[in-house]
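Everything below concerns the one structure shown next.
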Amino acid sequence: MTELNSAVEQAQALFDLERYEQARAVLAQHLAENPDDRRAWIEIGHCHLKTEQPEQALHAADEALKLAPEDFFALILRAKSLTRIPDRAWRAAEPVLREAVRADPHHWYGYAMLADAVCRMSLVRYIQANGNQFPPPHERDHVLREATDLAAEALRLGPEEIYTHEIAHQVATFALNTTLADQLDHAILRLDPTHTEALARQTQKAAEAPGVKAARAADLYATGLAAAPDSAKMQRGLDQATYRMLRGVRWLALLCVGLAGSGMDLFAVEGKVQRDLPLPLGQRLWYLVVVTAVWIVGALLRYRRRRAGVQLNLRSLIRRRRWPRTVLAQAAWAMLCALLIAQIPWEERMLPQILFWAGLAPTFATIWFDRKKTQ
């Protein structure tokens, strides 16, 4: 018996180190000599699942169930294997999970996985019975009542388990119970402050709250990514918020074009005498002081106050995406037009007027069409 346990424990140690092929080889050799070792069949089944071989995992579960038809862990293995086989999936796993709950009515994992299966299949059955129509909001609670009760029981039996909270959150989300889903997210983050999905959801909720500006949203996403750096969802959110910040520089450039035009009295106003041209050197130099102040306050200080993650992402975004580079090019073009208008000692207003519209119109028009260029 010691030798039997030794082989399984060795395989389990290899499994924990994510050396699944080696663990499977140890268990296969052990089972060739000891085909009645139920625990070894279950362990090798999990190795098969980790190496994307659900059919072999199902066979291992069936072998374990021949030895012990009501073994909870063998039933769970069988259900997991079925969910990975496309033509069987959760439809076939649901009755197996009901058997698992009957076999061990006090184990949280059985209730959690059954809640997942019932949630999915309840929606599928409703859709099939109602002409491919998803249940309307007022019917969701009724359709998902059993799944909700199972998830609540899983939480009662496993209050410190992340998986129970994840499934309960999934059911609450499908049932459109946003209050409960939010509470479960907070519970998940208390158990695991770096939980990627919960952190992404809460960060997105805070960043998309009414009144949150792009700079604040970028800081929130950067903070979330510092805790969960592998979150693709938060990276997308950070890219979107950073791009929204970057779009703001065009408004600064357009303001500078407007100031240049105003300083030259480019367009006649009834009842007002236009300034004589060319403008004095002092007035042209004073324009540079005003423009510098606009960019320092509107862009440089705003950028430097951001988290390091936002600053790094801004540079990365410019390298990775075409539209951020386009935004910078438009801002540069508008500023070039503004400087030409304000700094050259023009004697006529026609050419400065052309520069004014050349700097203003293309950039201003593009602003209304690129709001979705953050993907």
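Could you go through the range 47-60 and let me know if any residue there is free of Cβ contacts under 8 Å to residues at least 12 places away in the same chain, closer than 24 Å to residue 99 by Cβ, in a loop (DSSP other than H, G, I, E, B) and of a type outside the set (Phe, Trp, Tyr). Yes: one or more hits. Among the residues of the range 236-265, those identified as of a type outside the set (Gly, Ala, Ser) and over 16 Å from residue 364 (Cβ atoms) are 236, 238, 239, 240, 242, 243, 244, 245, 246, 264, 265. Does residue 25 satisfy being in a helix (DSSP H, G or I) and modelled with pLDDT of 90 or more? Considered against the rule, which asks whether it is in a helix (DSSP H, G or I) and modelled with pLDDT of 90 or more, residue 25 comes out as yes.
Exactly one of (1) in a helix (DSSP H, G or I); (2) farther than 21 Å from residue 325 by Cβ; (3) not hydroxyl-bearing (Ser, Thr, Tyr) is unmet by residue 209. Its number? Every condition holds for residue 209 apart from (1). With a requirement of 3 or more residues that are touching an Asp or Glu at 6+ places or on another chain (Cβ under 7 Å), the helices (runs of 4 or more DSSP H) lying completely within the range 109-189 that satisfy it span 162-174. Residues in the range 127-135 include at least one that is more than 26 Å from residue 68 (Cα to Cα) and surrounded by 18 or more Cβ atoms within 10 Å (Cβ to Cβ). Restricting to the range 136-170, what's the tally of residues that are in contact with a Leu (Cβ under 6 Å, 6 or more places away or on another chain), closer than 24 Å to residue 81 by Cα and surrounded by 17 or more Cβ atoms within 10 Å (Cβ to Cβ)? Of the residues in the range 136-170, 5 are in contact with a Leu (Cβ under 6 Å, 6 or more places away or on another chain), closer than 24 Å to residue 81 by Cα and surrounded by 17 or more Cβ atoms within 10 Å (Cβ to Cβ). Candidates in the range 212-222 are the residues that are part of a helix (DSSP H, G or I) and not hydrophobic (A, V, I, L, M, F, W, C); of these, the one that is surrounded by the fewest Cβ atoms within 10 Å (Cβ to Cβ) is 216. Residues considered: 58, 77. Of these, the only one that is within 18 Å of residue 112 (Cβ to Cβ) and surrounded by 16 or more Cβ atoms within 10 Å (Cβ to Cβ) is 77.
Taking (1) in contact (Cβ under 8 Å) with a residue 24 or more places away in the chain; (2) farther than 27 Å from residue 197 by Cα; (3) not β-branched (Val, Ile, Thr) in turn, residue 286 satisfies each apart from (1). Taken together, 98, 102, 91 contain a single residue that is open to solvent by 60 Å² or more (accessible area, probe 1.4 Å), part of a helix (DSSP H, G or I), within 16 Å of residue 71 (Cα to Cα) and touching a helix residue (DSSP H, G or I) at 6+ places or on another chain (Cβ under 8 Å), which is 98.
The values are calculated or read from the model by the stated rules, or taken from the named source; none is laboratory data. No experiment lies behind these values; they were computed from the predicted model shown. Using ideal geometry, Cβ is built from the backbone for each residue, glycine included, and neighbour counts are taken over all protein chains shown. In case anyone asks, the SASA skips ligands and DNA or RNA and just uses the protein heavy atoms, side chains included. Shrake-Rupley method; radii C 1.70, N 1.55, O 1.52, S 1.80 Å.
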